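*Asks:* Here you go, one structure.
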Amino acid sequence: MKKIFIALSMMVIPLTAHAQSGGEQVVQDAANDLKPAFCENSIPNAIKIVENCYANVDADSAHEKMNQCIIEDMTVVFTIKQKQQQYLNNYQTDPYSNLDFMQKQNIMMRQLKHPSFFNSMTETGNTPQAVGEIVMKAYVKIIERLKQEGCVDLDKLK
């Protein structure tokens, strides 16, 4: 998981743009969007939510919700990674091993679609480590909020 975290953290540079202003709202909006899928314990529904978020961003010429889509994406990716580790620990077959959503090239394609966000972040001088910390904090906040509402149960998630 550490390798995927490092690789993915380098792809989510746009998140730091809203880390100081509006970051909490992005996290709350992402948690609200993902809540139905996590309450249903449905990874396929969570993936659909992420795909719909990106589709809506594509329809918006300003791409205003790009950070929200990325944080939703990373939340689902990290959750699936945890679920994969759970299968591995229990010597079970990983049903997500061939999931197109989880292929590294597909993750990169989703998140690099709007390079202007990445360009703006390199201009501010944020390091990959700082970006990684922001991503992980947002993920933890989303999962905490969903747990408070009884919507995250890794054992039931399918």
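The values are calculated or read from the model by the stated rules, or taken from the named source; none is laboratory data. Nothing here was measured: the structure is a model prediction, and the numbers come from that model. Cβ: placed from backbone, ideal geometry, glycine included. Neighbour counts: every protein chain shown.
*Asks:* Select from region 129-158 the residues that are surrounded by 13 or more Cβ atoms within 10 Å (Cβ to Cβ) and at pLDDT below 90 and list them in ascending order.
*Replies:* Scanning region 129-158 gives A130, V131, G132, E133, I134, V135, M136, V152, L157.
*Asks:* Within region 9-128, considering only helices (runs of 4 or more DSSP H) that don't extend past its boundaries, which have at least 3 residues that are modelled with pLDDT of 95 or more and crowded, with 19+ Cβ neighbours inside 10 Å?
*Replies:* Filter on region 9-128 gives 23-39, 43-59, 66-89.
*Asks:* Restricting the search to region 70-94, which residues are farther than 16 Å from V152 by Cα and in contact (Cβ under 8 Å) with a residue 40 or more places away in the chain?
*Replies:* Within region 70-94, I70, I71, Q85 qualify.
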